[in-house]
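S.K.: Starting off with a structure, shown below.
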Amino acid sequence: MEEMKTVREGLLFFGIKSTKILQIRINLSNFDMKRWKIMFVSVAWLCVAGTLNAQEMKKTEYPQNLSAFPIGEENVGYAQYFTGKSWLAPLTVMKALNVPISNVTFEPGCRNHWHSHTGGQILIAVGGVGYYQEKGKAARRLEPGDVVEIAPDVVHWHGAAPESWFSHLAIECNPQTNKNTWLDPVSDAEYADAVK
């Protein structure tokens with residue numbers, strides 16, 4: 001019975017609840033304790049290693065189900081205009097429609113530089129939590145379903161909250177004449193002040 005108590009305590013230590021313990025039926029009288037200890041240590045190590053791997057994955061890989069839209073490829077073409085990593089997934093392909101739409105995904109803390117569009121832009125938040133700020137105004141917190149209409153030539157930035165991934169649809173307005181003007185990065189102090 002002492003061996004069973006030790007096994008129960010060990011399983012509880014590694015997060016296996018009592019309902020699961022009842023499902024683990026081992027007849028200790030017919031089971032070599034040395035083999036049990038080796039198996040227990042092996043399972044414990046796998047649990048710890050799996051937890052560490054999951055924590056590391058959260059830091060380096062993007063979430064699979066942030067929104068209904070694809071994440072796309074890492075946004076290396078515009079990386080020079082972002083603080084942090086972003087991903088870009090073009091959603092429309094028919095140029096004759098003149099409505100370019102892309103899903104842009106930001107890792108936590110990522111934001112683009114101050115910039116403007118000569119033709120304006122529309123953002124629709126679709127996943128996570130983010131922020132939008134026009135120069136000289138307070139930042140606006142964005143959650144799925146929020147729409148931002150950005151008038152032509154308005155200097156602004158947008159990106160993820162410090163602790164959340166963020167995705168928005170970016171709709172380019174007046175694409176025949178719309179040009180981006182990229183300005184300075186949003187400083188850490190500006191960002192911290194905006195998201196507090």
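S.K.: Taking the Cα-to-Cβ direction at V76 and at V93 and moving 7 Å from each Cα, how far apart do the two end points lie in nm?
M.R.: 2.2 nm
S.K.: If you average the C-alpha positions of the stretch 148-196 and of the stretch 110-146 separately, how far apart do those two centres end up, in angstrom?
M.R.: Result: 4 Å between the Cα centres.
S.K.: What are the ³J(HN,Hα) couplings of the stretch 86-94, residue after residue, when phi is run through the Karplus curve with 6.51, -1.76, 1.60 and θ = phi - 60°? Round to Hz, x for glycine and proline.
M.R.: 9, 10, 10, 10, x, 9, 10, 10, 7
S.K.: What number, in percent, do you get for the relative contact order of the stretch 94-191 if the mean sequence gap of Cα pairs under 8 Å and at least 6 apart is divided by its residue count? Don't jump to the answer; show the numbers that get you there.
M.R.: Details: 246 pairs, mean separation 42.7, N = 98.
That works out to 44 percent.
S.K.: Would you tally the net charge around K135, using a Cβ to Cβ cut-off of less than 12 Å, leaving K135 out, and scoring K and R as +1, D and E as -1? Each step should come with its number before you reach the end.
M.R.: On the way: positive: K137; negative: E134, D153, D184, E190.
Computed value for this residue: -3.
S.K.: Shifting gears a bit: Pop out the ³J(HN,Hα) list for the stretch 178-190 in order, Karplus 6.51 cos²θ - 1.76 cosθ + 1.60 with θ = phi - 60°, rounded to Hz; leave Gly and Pro as x.
M.R.: 6, 10, 8, 10, 8, 10, 5, x, 6, 5, 4, 5, 4
S.K.: Between E61 and V154, how many nm apart are label points set 7 Å from Cα along the C-beta direction?
M.R.: Once both label points are built, they end up 3.8 nm from each other.
S.K.: Quick check on the exposure proxy: order T83, T105, T177, T92 from fewest to most C-beta atoms within 10 angstrom.
M.R.: Values: T83 19, T105 28, T177 9, T92 13.
Ordered from fewest to most neighbouring Cβ atoms within 10 Å, T83, T105, T177, T92 come out as T177, T92, T83, T105.
S.K.: Return the distance in nm (one decimal) between the two label points of a simple spin-label model at E190 and R140, each offset 7 Å from Cα along Cα→Cβ.
M.R.: 1.8 nm
Values quoted throughout were computed directly from the atomic coordinates according to the rules given, and no laboratory measurement underlies them. Small disclaimer: the values here were computed from a predicted structure and weren't measured. Methodologically, a virtual Cβ is constructed for each residue, glycine included, from the backbone with ideal geometry; neighbour enumeration extends over all protein chains shown.
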